[in-house]
Amino acid sequence: MHFQDQSKLVSKGITRTQPNVLVADDHLMVRDAIVSAISREGEFQVFVASTFENVIEQINENGPFLITLLDINMPGMDGIKSVASIVATTAAGAVVMISGNASQDIVRQGMAVGASGFISKSMKLGALVPALRLVATGEKFIATSAMGYVDGNWHAQSDSLSDKMGLSKSEHEILQLVAGGLQNKEVAWKSGHSEVKVKMHMRNICKKLGASNRTGAALKARELGLI
């Protein structure tokens, strides 16, 4: 996959007449994974954005979009107010909120201002395109698995899963930071560990999750609902 000026990704064989989707998320690894999952099916033309301002620019330049996947915590977002703004700007298009830790109240508020659904970042990527197909028909979609990760339950379930995977508290913390797009030096600074210690933890994490690298570990962790 190749991004051009961080604005558009066109899969092989896709034409501009096909329905388009805007993936708005500031975490590069997460965005790449979502884009790859959607593009692999060959049904949609996919554009990307990383800030609230980018979303508005993309809608003005390349919209209207059939569906906008909107990270509710990316730079420039002002909570539900921004969700409502994007809903109004997209006109007939659908806006689906995405997040790793939204509360039930936030989901309800988003739906109340016109959002067409909510997808947790812990949802398996294989379920993403079927969800988009449903939204494209005018239906609402809220991942049932996501409702187990809100209002404080997310952390409890996440900790339980980490224990089952054999991850220590430090490894879980480092995994969350890496999945957030931080490099080893930044992870070391935030976690209070040395960079050497972070690299050692990452090797152990990859081994326990059956991943070949840090990106694979982050994606695996999201699929399993660890983060």
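Looking at region 191-227, which of its residues are of a type outside the set (Gly, Ala, Ser) and at pLDDT below 80?
Correct list: Lys220, Arg222, Glu223, Leu224, Leu226, Ile227.
Cβ-Cβ distance below 7 Å, separation of 6 or more or different chains: which pairs start in region 165-176 with a residue that is free of Cβ contacts under 8 Å to residues at least 24 places away in the same chain and end on one that is crowded, with 16+ Cβ neighbours inside 10 Å?
Glu173/Ser191
Among the numbered criteria (1) touching a Phe, Trp or Tyr at 6+ places or on another chain (Cβ under 9 Å); (2) surrounded by 14 or more Cβ atoms within 10 Å (Cβ to Cβ), which one does Asp78 miss?
(2)
Just to check your reading of the model, which residue among Asn54, Asn20, Asn60 is more than 20 Å from Val107 (Cβ to Cβ), without any contact (Cβ under 8 Å) to a residue 24 or more places away in the chain and not assigned by TED's automatic domain parsing to the domain that holds Thr215? So that I can check it myself, show each step before the final result.
Numbers: Asn54 fails: without any contact (Cβ under 8 Å) to a residue 24 or more places away in the chain; Asn20 fails: without any contact (Cβ under 8 Å) to a residue 24 or more places away in the chain.
Result: Asn60 is the single residue among Asn54, Asn20, Asn60 that is more than 20 Å from Val107 (Cβ to Cβ), without any contact (Cβ under 8 Å) to a residue 24 or more places away in the chain and not assigned by TED's automatic domain parsing to the domain that holds Thr215.
State yes or no: is Ser162 modelled with pLDDT under 85, of a type in the set (Ser, Thr, Tyr), more than 30 Å from Phe65 (Cα to Cα) and surrounded by 20 or more Cβ atoms within 10 Å (Cβ to Cβ)?
yes
Restricting attention to region 26-55, report how many residues are among the aliphatic types (A, V, I, L, M), surrounded by fewer than 21 Cβ atoms within 10 Å (Cβ to Cβ) and out of contact with any helix residue (DSSP H, G or I) (no Cβ under 8 Å at 6 or more places or on another chain).
Summing the residues that are among the aliphatic types (A, V, I, L, M), surrounded by fewer than 21 Cβ atoms within 10 Å (Cβ to Cβ) and out of contact with any helix residue (DSSP H, G or I) (no Cβ under 8 Å at 6 or more places or on another chain) in region 26-55 gives 1.
So, in region 133-148, of the ones that are touching a strand residue (DSSP E or B) at 6+ places or on another chain (Cβ under 6 Å) and not basic (Lys, Arg), which residue ends up modelled with the lowest pLDDT?
Out of the qualifying residues, it is Ala146.
How many of the residues making up region 84-102 are closer than 24 Å to Ala179 by Cα, β-branched (Val, Ile, Thr) and at pLDDT below 95?
Residues flagged as closer than 24 Å to Ala179 by Cα, β-branched (Val, Ile, Thr) and at pLDDT below 95 within region 84-102 amount to 1.
Would you tally the residues in region 99-134 being touching a Gly at 6+ places or on another chain (Cβ under 6 Å) and not charged (D, E, K, R)? Spell out the reasoning first.
As a first pass, look at region 99-134 and keep what is touching a Gly at 6+ places or on another chain (Cβ under 6 Å): 121-122.
Still in the running and not charged (D, E, K, R): 122.
So the count comes out to 1.
The values are calculated or read from the model by the stated rules, or taken from the named source; none is laboratory data. Quick caveat, the model's predicted, so the values are computed rather than measured. So basically every Cβ, Gly included, is an ideal-geometry build from the backbone, and we count neighbours across all protein chains shown.
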